[in-house]
1. Would you confirm, using the coordinates I've provided, whether B:GLY12 is of a type in the set (Gly, Ala, Ser), within 16 Å of ligand 2 (Cβ to nearest atom) and open to solvent by 20 Å² or more (accessible area, probe 1.4 Å)?
2. Being more than 16 Å from ligand 2 (Cβ to nearest atom), buried (at least 17 other Cβ atoms within 10 Å of the Cβ) and more than 14 Å from every other protein chain (Cβ to nearest Cβ), is that true of even one residue in the range B:62-72?
3. For the range B:157-180, give me the residue count where each residue is open to solvent by less than 20 Å² (accessible area, probe 1.4 Å) and more than 16 Å from ligand 2 (Cβ to nearest atom).
4. Only residues in the range B:204-222 that are more than 10 Å from chain A (Cβ to nearest Cβ) and more than 19 Å from B:ASP182 (Cα to Cα) count as the first member; pair them with residues that are open to solvent by less than 50 Å² (accessible area, probe 1.4 Å) and not in a helix (DSSP H, G or I), Cβ under 8 angstrom, at least 6 apart or cross-chain, and list the lot.
5. Between residues in the range B:118-143 that are within 9 Å of B:SER9 (Cα to Cα) and residues that are within 12 Å of ligand 1 (Cβ to nearest atom) and aromatic (Phe, Trp, Tyr), which pairs lie under 7 Å by C-beta distance while being six or more apart or on different chains?
6. Among the residues of the range A:17-58, write down those that are of a type in the set (S, T, N, Q), in contact (Cβ under 8 Å) with a residue 24 or more places away in the chain and away from chain B (no Cβ under 12 Å).
7. Of the numbered conditions (1) farther than 24 Å from B:LEU201 by Cβ; (2) more than 14 Å from chain A (Cβ to nearest Cβ); (3) buried (at least 24 other Cβ atoms within 10 Å of the Cβ), B:GLN32 satisfies every one except a single condition; which is it?
8. Can you report the number of residues in the range B:15-29 which are under 25 Å from B:ARG154 (Cβ atoms), open to solvent by 10 Å² or more (accessible area, probe 1.4 Å) and not basic (Lys, Arg)?
Amino acid sequence: MNLFNFFKRQGTAPVARDRLQILLAYERGSTRGAPDLLAILREEILTAVGRHVQIDSNRVNVRVDRGEKVSTLEVDIEIPNAVRMAPRRKRAVPMQRSAS
Amino acid sequence: MAKVVVVTSGKGGVGKTTSTAALGAALAQHGQNVVVVDFDVGLRNLDLVMGAERRVVYDLINVTQGIAKLPQALIRDKRLERLALLPASQTRDKDALTEEGVSRVINSLKQMFDWVICDSPAGIERGATLAMRFADTAIIVTNPEVSSVRDSDRIIGILDAKTVKAERGERVDKHLLISRYDPARAARGEMLSIEDVLEILSTPLLGIIPESEEVLRASNLGSPVTFNNPSSAPARAYLDAARRLMGEEVEMTIPTEKQGFLGKLFGRRAA
Ligand SMILES: Nc1ncnc2c1ncn2[C@@H]1O[C@H](COP(=O)(O)OP(=O)(O)OP(=O)(O)O)[C@@H](O)[C@H]1O
Ligand SMILES: [Mg+2]
């Protein structure tokens, strides 16, 4: 494997240093009172979606990947088609249409 | 039927986390579904050794408190899907982990995996006793050195007293994993021999892991040593130990790195 040979030649310490820098930057923030942005975004996204749909917490998947320059947050929410909304209007929409 | 395994030692820094990662990975490499669970609340490190530190969203305590569902907290290994990690919490409040909560999580994990491997914190306090509480099997990691052997003896006593199995009058299945073994120093009589350790602790041997720079290399890269360099001496020792854990009869050897120049060249190319 090329990657393996590459690391062998270079030594593995630089990789260890990079991994630690990313991790510690994040951990220092979250333990010293600075807000964890990914956690805030996660909560707010779930709240926003929850206002419109009943979220089944078993059908939610959150993945993060904290990078040096960019991090990614993936919020995967399954929304069932049948129970689309907490309905505002009681009457079914198609009925209204045919009446007008 | 899923097996719950605790990797414990009493003494700190003997290789519990290294061994949890390597044995978990090795069992998965042998086709088993495995979850490794970090019980070191406040000082989690299994995520780093497994290379999953950037992907932690929820942890064990979040699950016991109902903040997250178990499948959401599990981190699937990118190299091998059937290996998963449940990270420890970094909270300073160690009482956040309750016996009832741990019991529920372990029971759920047993439905999902063949092996639930619990990485115990050092010491004999709450964290360590909770990690072993529901174990069917214990792996006692020992270095061939007086204080480690003494602490192992202490831990064996606690395993026979404070686990659910012990309280039911059953026995936790105990295995000794001798780690950081240096054959040259043992030959010079500077290190307790395997026979000495076995005689003192009278516990069956699961494997002998040699002292090796491959272990440091693997942890630098965030890859269990059995993934990172499967043909290295410690990896072979862990792969064999995993097979013994699965009930196979495997001849006990102390793998060494001793290879000629050509052997090294080919070994490296094969990796
Ligand atoms: N076979 C080995 N050869 C060389 N170094 C090793 C070996 N096993 C473990 N180590 C090193 O020893 C150190 C402690 O290992 P590890 O973190 O696995 O111990 P631990 O028992 O989990 O510690 P703690 O009690 O703090 O949780 C690490 O730096 C690790 O890389
Ligand atoms: Mg540890």
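1. Considered against the rule, which asks whether it is of a type in the set (Gly, Ala, Ser), within 16 Å of ligand 2 (Cβ to nearest atom) and open to solvent by 20 Å² or more (accessible area, probe 1.4 Å), B:GLY12 comes out as yes.
2. Yes: the range B:62-72 contains one or more residues that are more than 16 Å from ligand 2 (Cβ to nearest atom), buried (at least 17 other Cβ atoms within 10 Å of the Cβ) and more than 14 Å from every other protein chain (Cβ to nearest Cβ).
3. Here is the first cut: in the range B:157-180, the ones open to solvent by less than 20 Å² (accessible area, probe 1.4 Å) are B:159, B:163, B:172, B:176-179.
Remaining after also requiring more than 16 Å from ligand 2 (Cβ to nearest atom): B:159, B:163, B:172, B:176, B:178.
Selection size over the range B:157-180: 5.
4. Matching pairs, first to second residue: B:PRO204/B:LYS174; B:PRO204/B:HIS175; B:PRO204/B:LEU176.
5. Cβ pairs passing all conditions: B:SER120/B:PHE39; B:PRO121/B:PHE39.
6. Scanning the range A:17-58 gives a single hit, A:GLN54.
7. Against the list (1) farther than 24 Å from B:LEU201 by Cβ; (2) more than 14 Å from chain A (Cβ to nearest Cβ); (3) buried (at least 24 other Cβ atoms within 10 Å of the Cβ), B:GLN32 comes up short only on (3).
8. Residues meeting the conditions: 3.
The values are calculated or read from the model by the stated rules, or taken from the named source; none is laboratory data. A quick note: this is a predicted structure, and the numbers were derived from the prediction, not measured. Counting neighbours? That spans all protein chains shown, and the Cβs are built from the backbone with ideal geometry, glycine included. Note: areas computed on protein heavy atoms with side chains; ligands, DNA, RNA excluded. Shrake-Rupley method; radii C 1.70, N 1.55, O 1.52, S 1.80 Å.
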